[in-house]
1. Residues of segment 63-99 with backbone nitrogen within less than 18 Å of a virtual label 7 Å along the Cα-to-Cβ line of Leu55, please, listed as ranges.
2. Could you report the accessible area of Ile118 in Å², rounded to 10, computed with a 1.4 Å probe on the protein chains as they sit in the structure?
3. Could you check the simple spin-label distance between Ala237 and Asp271, using points 7 Å along Cα→Cβ, in nm with one decimal?
4. To the nearest whole percent, what portion of all C-alpha pairs in segment 11-51 is separated by more than 13 angstrom?
5. At 20 °C and a viscosity of 1.002 mPa s, what translational diffusion coefficient does Stokes-Einstein give for segment 31-78, taking Rh as the Kirkwood radius over Cα pairs? Give it in µm²/s as a whole number.
6. Among rounded, prolate and oblate, which fits segment 189-265 when a ≥ b ≥ c are the square roots of the eigenvalues of its C-alpha gyration tensor, a/c under 1.5 means rounded, and a/b larger than b/c means prolate?
7. Can you give the net charge of the other residues whose Cβ lies under 12 Å from the Cβ of Leu249, counting K and R as +1 and D and E as -1?
8. P(r) tail for segment 94-141, what percent of Cα pairs lie past 15 Å?
Amino acid sequence: MKKKIEGWPHHDYATRLSVAVVYAFLAAIAVNFFYQPGHIYSSGATGFAQILTTLSHRVIGFTVPVSVTLFLINVPLFFLAWFKIGHKFTIFTFITVFLTSFFIHIIPETTLTSDPIICAIFGGAIMGVGIGFALKNGLSSGGLDILSITIRKRTGKSVGSISIIFNVLIMLMAGILFSWQYMFYSALAIFMSGKLTDALYTKQRKMQVMIVTKCPERVINGIQDQMRRGITIINEAEGAYKHDKQTVLFTVVTRFELPLLESIMRENDPDAFVSISENVRIMGRFYEESMD
């Protein structure tokens, strides 16, 4: 393990640690400034931790802090991440969860507003930004993110959509145990969080690219040198206006890779015609970067 850690680039270590701190702070703000004061239940493990904290007072007579229940819920999921996602990913996830629990514990709960709708919207938005920012930089916020990433690898569905499915259980538990109105407020918060996560975590959004070019070799070499993407070639395509012969290339990239593709096209064939279709569904093999 020591040899593995020594082999990691120092700048990568520093970047991920910084991202972990930013996420932990945003999550603590969402929980202590909006969710807890507004009786809103968050998505994922944080929502389960809130429910367990509320139940602890009723069942055992004293309140177990959210920071404690959140960390304990994540412990078995660390093992899943270790074997299914990657070792470095798991270590940084552990750091992220620890920092999140720490910040939730030390930042005092503050009531900015008693309006549950405002708490749901702003709490969900802040939490979604934090989760999306963490995933975009190769980190997990822990909890159901680990399950979502594992399932996405097998099904191709977006992380935000998978999380929403899991979080239906949290909404129902909040409604049954506490009050049905809080189920709807929690649903609003979870919806906001999922949408903001998808908006920021662009590596999961796939786009089909059609390139009509007179310089196919240069374009193909440019893409394959800088991007790990397969290309389908259609030779002897004919333009309807001038009847000149061109080559059509098809490939699929992620939205995250789109600026790199645009740079490659400007460098290798700025006159090519490029058509991009968003939100395509892929069947078959599609290379995705390891999160480890």
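1. Of the residues in segment 63-99, 63-77 have backbone N under 18 Å from the label point off Leu55.
2. 70 Å²
3. The answer from the label model is 1.6 nm.
4. Numbers: 471 of 820 pairs.
Result for the distance tail: 57 percent.
5. Numbers: Rh = 10.9 Å.
Calculated translational D: 197 µm²/s.
6. Numbers: a/c = 3.60, a/b = 2.30, b/c = 1.57.
Note, shape of segment 189-265 comes out prolate.
7. Values: positive: Lys214, Arg218, Arg229; negative: Glu217, Asp269.
Once positives and negatives cancel, what remains is +1.
8. Details: 669 of 1128 pairs.
Here the tail beyond 15 Å accounts for 59 percent of pairs.
The values are calculated or read from the model by the stated rules, or taken from the named source; none is laboratory data. Quick caveat, the model's predicted, so the values are computed rather than measured. A quick note on method: Cβ atoms are made from the backbone with ideal geometry, for glycine too, and the neighbour counts reach across all protein chains shown. Surface accessibility is based on the protein's heavy atoms, side chains included, excluding ligands, DNA and RNA. Shrake-Rupley method; radii C 1.70, N 1.55, O 1.52, S 1.80 Å.
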